[in-house]
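Worksheet: one structure, shown below.
The values are calculated or read from the model by the stated rules, or taken from the named source; none is laboratory data. As the structure is a computational prediction, the values presented were derived from the model and not from experiment. A quick note on method: Cβ atoms are made from the backbone with ideal geometry, for glycine too, and the neighbour counts reach across all protein chains shown.
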Amino acid sequence: MPEIEIKHVTRYIYDSPVRDSANQIILFPIQDEYQEVLKQDITITGNPLVDKHVDYYGNEVGSFTYIEPHMDMTISSKISVNTKHKNLPVNDIFPGQQWEDLKRLQNMVPYIDFLKQEYFEGLPELRKIVEAEKSKDDTPYQVVLRFCQYVYANFDYIKGVTTVDTTLDEIWKIKAGVCQDFAHILMEMMRIINIPARYVSGYICTGQNGMRGEGATHAWAEAYIPDYGWLGLDPTNNCIANETHVRLAVGRNFSDCSPVKGVYKGAAKHKLEVAVTVDEEESFFTDKQVIEVTNASQVTEVSKNSYQRYMEMVQQQQQQ
C-alpha cells in the first residue's frame with residue numbers, strides 16, 4: 001500500500017480543575033516486516049516527559065504524569081506508516097497434522113495466555129455453536145474464517161450499547177456491540193477449540209466509505225495458524241485484516257491494548273472525545289466519538305447496563 005497518514009486525538013474535558021493525572025498510552029504502531037513506521041509525532045498538553053518500555057506482549061508503552069491543575073488534556077498522535085500485504089495460508093494441506101500441532105501449543109509460552117477462555121453464562125451455548133460450525137475435515141484456517149462470518153452475521157453493529165466495561169454475558173445477551181465486542185466473541189470461539197487467539201487494537205484504512213470502524217480506533221482478532229503464524233480476522237467487516245489494517249498493539253483482551261488510560265485527582269466526572277482521521281485532515285473532528293465518563297472509567301451511562309441501553313434503542317427505532 002502507499003504511505004498512510006493517521007491522526008488520532010484523545011481529549012479529556014473536566015468539570016473542574018484536576019491534578020496529578022497519571023496516564024499510559026499505547027499509540028506506537030507495531031514495526032515488523034509487514035508494517036513500517038516512517039514517522040510519528042506525539043504531543044500532549046503540558047509537554048510531560050513520556051517514559052517508554054516494551055511490555056510482555058511486545059508492545060511499546062508510554063507513561064507520563066501531568067501534575068499541574070488543568071481543565072482539559074489532549075493527547076495527539078500523528079503517524080505515517082507503510083503496510084505490506086501478507087500472503088494467506090494454504091487452506092487444504094494436512095488438516096489432521098495442523099490440529100495436532102495446535103494441541104502441542106497448549107502448554108507453551110507464549111501461547112498459553114492466548115488460549116485461556118473467559119467464563120460467562122453463555123459459554124455452553126457458544127460451545128454448541130462452535131461444534132456446529134466446525135466440520136471434521138476443516139483446517140484451522142477454514143474454521144476461523146467460518147467463525148468470523150458467524151460473528152458478523154449474528155451480532156448487530158450498534159454504537160453506544162456497550163462500553164469498555166461491558167461483559168461477555170451482556171454482549172451475548174443482546175447480540176450487539178462494536179468492534180471490540182465482536183473481537184472478544186471471536187477470540188472466545190477460537191480458544192474453545194484450542195486455536196490461540198489474541199486481541200489487536202489499531203486502525204482500519206481502506207479508503208472505502210461504509211466500512212465499519214472508520215473514523216475511530218478499531219479492533220480485531222488474530223488466530224495462530226500452524227506453519228503460517230498470526231492471521232488477522234476482522235469480524236466487524238467479515239474480512240481478513242491485512243494491509244488495510246494498521247496494528248497498534250496485541251494482547252489477551254482490550255485491557256492489554258487500551259490506547260489511552262489513566263487516573264487523576266479531582267472532579268469525579270469528565271468528558272472524553274476521541275477522533276481519528278486517515279489522510280483527510282480537513283474532516284478532523286467532524287465525526288468525533290464523544291463519551292461521558294465518570295470516575296475515570298469509560299462508561300456512557302453508569303445507571304444503565306448494556307441490555308437496557310439496547311432495548312431503549314430498539315424502542316426508539318420502532319417509534320420512528
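Against the condition at pLDDT 95 or above, surrounded by 19 or more Cβ atoms within 10 Å (Cβ to Cβ) and under 29 Å from residue 211 (Cα atoms), how does residue 129 come out, does it pass? Answer is no for this residue. Evaluation of residue 111 against the conditions (1) modelled with pLDDT of 95 or more; (2) of a type outside the set (Lys, Arg); (3) exposed (fewer than 15 other Cβ atoms within 10 Å of the Cβ) shows that the sole unmet condition is (3).
One residue stands out among those in segment 114-125 that are under 24 Å from the mean Cα position of the chain (by Cα) and assigned to a helix (DSSP H, G or I): the one that is surrounded by the most Cβ atoms within 10 Å (Cβ to Cβ), which is 114.
For segment 80-105, give me each residue that is closer than 30 Å to residue 175 by Cβ and in a loop (DSSP other than H, G, I, E, B). Selection gives 88, 89, 91. Determine whether segment 162-183 contains at least one residue that is within 30 Å of residue 206 (Cα to Cα), in contact with a Pro (Cβ under 7 Å, 6 or more places away or on another chain) and not assigned by TED's automatic domain parsing to the domain that holds residue 40. Yes; the residues of segment 162-183 include at least one that is within 30 Å of residue 206 (Cα to Cα), in contact with a Pro (Cβ under 7 Å, 6 or more places away or on another chain) and not assigned by TED's automatic domain parsing to the domain that holds residue 40. Just one of the listed residues (24, 31) is under 22 Å from residue 83 (Cβ atoms), polar (S, T, N, Q) and at pLDDT 95 or above, namely 31.
Rundown of residues vs (1) assigned by TED's automatic domain parsing to the domain that holds residue 101; (2) surrounded by fewer than 21 Cβ atoms within 10 Å (Cβ to Cβ); (3) in contact with a Ser or Thr (Cβ under 9 Å, 6 or more places away or on another chain); (4) at pLDDT below 50, yes/no style:
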residue	(1), (2), (3), (4)
218	yes, no, yes, no
233	yes, no, no, no
236	yes, no, no, no
274	no, yes, yes, no
290	no, yes, no, yes
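What do you reckon, is residue 221 out of contact with any Asp or Glu (no Cβ under 7 Å at 6 or more places or on another chain) and either outside any strand (DSSP E or B) or under 22 Å from residue 141 (Cβ atoms) (or both)? Considered against the rule, which asks whether it is out of contact with any Asp or Glu (no Cβ under 7 Å at 6 or more places or on another chain) and either outside any strand (DSSP E or B) or under 22 Å from residue 141 (Cβ atoms) (or both), residue 221 comes out as yes. Got a sec? Which of 134, 175 is free of Cβ contacts under 8 Å to residues at least 60 places away in the same chain and at positive phi? Result: 175 is the single residue among 134, 175 that is free of Cβ contacts under 8 Å to residues at least 60 places away in the same chain and at positive phi. The residue list 82, 47 contains one member that is among the polar types (S, T, N, Q) and on the phi < 0 side of the Ramachandran plot, which is 82.
Scanning segment 126-137 for residues that are basic (Lys, Arg) and in a loop (DSSP other than H, G, I, E, B) turns up 134, 136.
Annotation for segment 179-196: at least one member residue is in contact with a helix residue (DSSP H, G or I) (Cβ under 6 Å, 6 or more places away or on another chain), assigned to a helix (DSSP H, G or I), touching a residue at least 12 places away in the same chain (Cβ under 8 Å) and surrounded by fewer than 22 Cβ atoms within 10 Å (Cβ to Cβ). Could you check segment 221-259 and list, in sequence order, the residues that are over 22 Å from residue 5 (Cα atoms) and small (Gly, Ala, Ser)? Correct list: 221, 223, 229, 251, 255.
Can you tell me how many residues in segment 249-265 are closer than 18 Å to residue 86 by Cβ and touching a His at 6+ places or on another chain (Cβ under 9 Å)? So the answer is 0.
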